[in-house]
1. Radius of gyration and Dmax for chain C's Cα atoms, expressed in Å?
2. Hey, could you get me the Stokes-Einstein D for the range B:1-155, Kirkwood radius over alpha-carbon pairs, 25 °C and 0.890 mPa s, rounded to whole µm² s⁻¹?
3. If I histogram all Cα-Cα distances within chain B using bins 10 Å wide from 0, what percent of pairs lands in each bin?
4. Can you compute the helix-only [θ] at 222 nm over chain B? Use -39500 (n - 2.57) per DSSP H run of at least 4 residues, normalise by all residues, nearest 500 deg cm²/dmol.
5. How large is the translational diffusion coefficient of the range A:54-170 in µm² per second when you combine the Kirkwood radius over alpha carbon pairs with Stokes-Einstein at 20 °C and 1.002 mPa s?
6. For residue A:136, go through the lysines and keep the ones whose alpha-carbon is under 17 Å away, minus same-chain ones fewer than eight residues off.
7. If the only charges are +1 at each Lys and Arg Cβ and -1 at each Asp and Glu Cβ, what is the size of the charge dipole of the protein assembly as shown around the Cα centre, to the nearest 20 debye?
8. Please give the per residue volume of the convex hull enclosing the alpha carbon atoms of the range B:34-118, rounded to a whole number of Å³.
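Nothing in this text is a laboratory measurement; each read-out follows from the coordinates by a stated rule. Everything numeric in this text was worked out from a predicted model, so none of it was measured. When we count neighbours, we look across all protein chains shown, and the Cβ atoms used for this are built from the backbone with ideal geometry, even at glycine.
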Amino acid sequence: MLIETGIPTAEDLQSVTPPAGRLARGAVAIAECFQKIPCNPCTRACPRHAIRIEPDINETPQIDYEACTGCGACIARCPGLAIFVVDMTYSDSEALVMLAFEFLPVPEAGQLACGLDREGKELGWFPVVRVVSGGKENKTYTVSLAVPRELAMEVRNIRAGGYQNGKQNG
Amino acid sequence: MIKDTEILVIGAGPAGLAAASAAAFLGASVLICERDDAPGGQLVKQTHKFFGSEKQYAGDRGIYIGRRLTGAVRENPQIELMTNATVLGIYDDGIVTVLHDNRHLKIRPQKTIVATGAAEKFLAFPGNDLPGIYGAGAVQTLMNVAGVRPAERVLMVGAGNIGLIVTYQLLQAGVQVAGVIEAAPKIGGYLVHASKIRRAGVPILTRHTVCEAFGTDQLEGVRICRLDDQGQKIPGSEETVACDTLCLAVGLTPLTELCWQAGCEMAWIRELSGHVPIVDENLETSVPGLYAAGDVSGIEEASSAMVEGRLAGLAAAGSLGYRPEQAKEEILAARAELAELRSGPTGGKIMAGLARMREAGKTKGGVFVC
Amino acid sequence: MRIEEHPILDFDRGTQVTFYFNGKPVEGYTNETIAAALHAAGIRVLGHSPELHRPRGLFCAIGNCSSCFMTVDGEPNVRVCVTKVRDGMRVEEQHGKGVVRVD
């Protein structure tokens, strides 16, 4: 149970996963936000107003998957670092996972980073495709990682440091 | 010499700073006494982004919210900010005494807002006095204010928001965290904070407690064990965790000494984490003209402390006759914001505590009914 | 140890000074509290309890409790968690409850 371990269950994740048809069409945001807490910066972060918290601030976010373009603007704005973007169409075999990162050192595009799951377990080394700074006060980086498609719903963090240079080694 | 002021605010944390700005906004002149050498209270070490809504600067990191509140106070000519100023006593004749830069000072305010905040709670177990057993907030101060890495390897006690947040911040400072243990069967803090540290590989063990701490001159390790459904230690479940630091994040307690001394009606309310002054809907205590805002009136979040401070500041200035219509309107808005913050499941505990506090007020001999 | 690089924070430590812990020179910075500077130098035992002489460290680091009392420039019961470092300052472990000087 999430409330005992901090790890969302398959059922929890099911409830926030976009429909397969939408995932197949390209990048889309997934809010792994399961608890009713008073918080709503994500609604303001989205340039397309695709995230709603209604009727009051304690509701969990609802993403309009049709309006969402998977731009990732919400990722660095979520105080809980709970929003991810997944693009299943990144390549023939890979998906792109965008995640929030607040540790040092920050990886560079082209390096390989060790991908971690929701328990911090290592899933392998994956190419960093893009790194975007959240800005002067925000300071949260959004890291885009190319992962094997079957791991798109598993990779949710990277290990800070130890980045390898060079091409993907699976 | 006695220094006169319209409104005295005690404490320059989120509640006190917001109170001062709100009172000055209506036109009152304000003096803030802060015991530390810098304003901001505990916001100065909150590197994480705050929850809440835009009205409470949600999404911004606590440190920047602190700077914003402090900046507003410093820029306002109606507000005087006195640091290194510890309030010592509030007396029957309305005089407040202060130790300022090692000198004794007397202040005569027309209204006083107590915004003294809270202190970290301690935990009883053998060996709990060893150096290396620190409040989680203390470790946060060392690493986020002083920039000192306070430990090599930490065991965190308590999976409330402070325990979870400080664990994450320890990782950011390059400190190893062996795990978070929590006596309750459930994680008490926000689950997004819990998931963040889990993703970084830190285990969270609910139904676990500290049996004893050991070490010769300082902490070397901790014995922990599992708890059963009744919260009793399960024999044979003990494990040893090697660590040089044990962080206690087992809750806060309101710093109410000045309220007691001023003669406020007090009540012990579990949901508000200790003895609190009984306050009315404007946060005025049973002592007329004395208000209590923020953690001192019940442990809650910094976002609600800011709104409480604003409410008390508005009410105090309004009662002095400053812009009564505007005051009334702003007071209603602040109350609505508080109600919104407390409306969800996580606000239920606070709502229950406030209801009990009001009930306690009614039964106190009818002297003070709110 | 001091944090050299931090993902969120920049530290303004002030200027470097030397103070003395039990007579031995320790490096500190003017924006640091004595407790922080001692921790940076790996010193965590700040005193011993008056009765049982058990080692004492800090607890709250914000001036609430009295766990970090030390003798500073001859003055006992100084809360070193909220007292800033000064050049040449003499910081000593306090034995017993301390004696207040009456000039």
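1. 13.9, 50
2. Diffusion coefficient, whole number: 143 µm²/s.
3. That works out to 5, 23, 31, 24, 13, 4, 0, in percent per bin.
4. After summing the helix terms and dividing by the residues of chain B, the value is -9500 deg cm²/dmol.
5. Once the numbers are plugged in, D ends up at 145 µm²/s.
6. B:49
7. 280
8. 126
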